[in-house]
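A short worksheet on the structure shown next.
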Amino acid sequence: MRRTTRFAIGAMAVVALAAAVISLSRATGQRADGLISPEDTAWDRVDVVAAAGSTPPPCFPCWMRTTMQENFDFQTPPALPQSGRQRTCRPPPVWGTSNSGVPVPPADTPPNAAFIDDPAVVSDKRLDSFQFDLFESADAVLTFRHNFNLEASSVDTNLGYDGGVLEISYDGGNTFQDILEAGGFFVMGGYNRTISTDRGSPIAGRQAWSGDSEGFITTVVIVGNNQTQTRLRWRMASDSTGAGEGWRVDAVNVTWCHGEGTPCPTPTPTPTATPTPTPAPRVTPRSRPTPLPRPTPPR
Ligand SMILES: [Ca+2]
Ligand SMILES: [Ca+2]
């Protein structure tokens, strides 16, 4: 993954950004491309906010910021929005919106979150995001809130049995790899356990979110730059025995700065002040001396 324009974001700035993007209001909807296959359920409302330098941290001069977000709140559960897609290995149920049940609370932004169960059999359940392009961009920052209770060891706090991972595709969703393999990195809320290798999990041996998050937590991740046809995938995989409550994902935001088609305005030169000439002092004309009276010649 190219990192030619590595963003100079400090952890504090990104945390501030996470709070800022979560609070962004919804704007114009934008549909993704036509890659949704007939059997896929899909995401629909993808919101785009584009404004020049309006959200911290500021973009480079003359660049624009684009933010896409999904809160899953405009559907009747379990319907998903329609611009993303999901591919789920059996057994059902598949990813959907949810406004009740466990793990609690059911949503970060009410009423809905995306939700998948954690069954007591081997499963591999995937939710793919809308597609977006990071063309001529700085690093994109993904922020989302999630609440998971997935089967994990009660003895070894580093060991998980069922878990969730974040994957990314740069070819429109044909191939995915783990966000860390792709060069991304977590600023906060990263993976907390490693999945057991001896119970048939499709993500055996990988780092993942597993165990009990005890409510919604925030994850912030740098997902890369200068890539087109980008999709994200939330993937829950379970092993051959033992169930959990499931995994909820909400308040998804992706934001990035880009310079495409945004010419830098020519700076207007500051006019140089012309000094006002100091007027020459006025010369007061000398008064003519009064001629002396001519002496009168003697007679
Ligand atoms: Ca929500
Ligand atoms: Ca299990």
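The values are calculated or read from the model by the stated rules, or taken from the named source; none is laboratory data. On a predicted model such as this, the values are computed, not experimentally measured, just so you know. As a convention, Cβ positions derive from the backbone with ideal geometry for all residues, glycine included, and neighbour counts pool all protein chains shown.
Condition test on Asp198, is it surrounded by fewer than 21 Cβ atoms within 10 Å (Cβ to Cβ), in a loop (DSSP other than H, G, I, E, B), touching a residue at least 24 places away in the same chain (Cβ under 8 Å) and among the acidic types (Asp, Glu)? Please lay out each step first, then the result.
Values: surrounded by fewer than 21 Cβ atoms within 10 Å (Cβ to Cβ): yes; in a loop (DSSP other than H, G, I, E, B): yes; touching a residue at least 24 places away in the same chain (Cβ under 8 Å): no; among the acidic types (Asp, Glu): yes.
No, not satisfied.
Looking only at region 195-210, count every residue that is away from ligand 2 (no atom under 12 Å from the Cβ) and more than 29 Å from Gln227 (Cα to Cα) and tell me the total.
Number of matching residues: 2.
Listed here are the residues, each with its yes/no results for (1) more than 26 Å from Gln227 (Cβ to Cβ); (2) of a type outside the set (Ser, Thr, Tyr); (3) touching a helix residue (DSSP H, G or I) at 6+ places or on another chain (Cβ under 9 Å); (4) at pLDDT below 95.
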position: Pro106; (1), (2), (3), (4): yes, yes, no, no
position: Pro111; (1), (2), (3), (4): yes, yes, no, no
position: Asp117; (1), (2), (3), (4): yes, yes, no, no
position: Arg126; (1), (2), (3), (4): no, yes, no, yes
position: Ser129; (1), (2), (3), (4): no, no, no, yes
position: Arg145; (1), (2), (3), (4): no, yes, yes, no
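Is it the case that some residue within region 116-139 is among the β-branched types (Val, Ile, Thr) and surrounded by fewer than 21 Cβ atoms within 10 Å (Cβ to Cβ)? Before the answer, list the steps.
Keep residues of region 116-139 that are among the β-branched types (Val, Ile, Thr), which gives 116, 121-122.
From what is left, the residues that are surrounded by fewer than 21 Cβ atoms within 10 Å (Cβ to Cβ) are 121-122.
Within region 116-139 (the criterion being among the β-branched types (Val, Ile, Thr) and surrounded by fewer than 21 Cβ atoms within 10 Å (Cβ to Cβ)), the answer is yes, since at least one residue qualifies.
Residues Gly184, Gly261: which one is more than 16 Å from ligand 2 (Cβ to nearest atom), at pLDDT 95 or above and within 23 Å of the chain's Cα centre (by Cα)? Walk me through it before giving the result.
Numbers: Gly261 fails: at pLDDT 95 or above.
Being more than 16 Å from ligand 2 (Cβ to nearest atom), at pLDDT 95 or above and within 23 Å of the chain's Cα centre (by Cα) holds for just one of Gly184, Gly261, which is Gly184.
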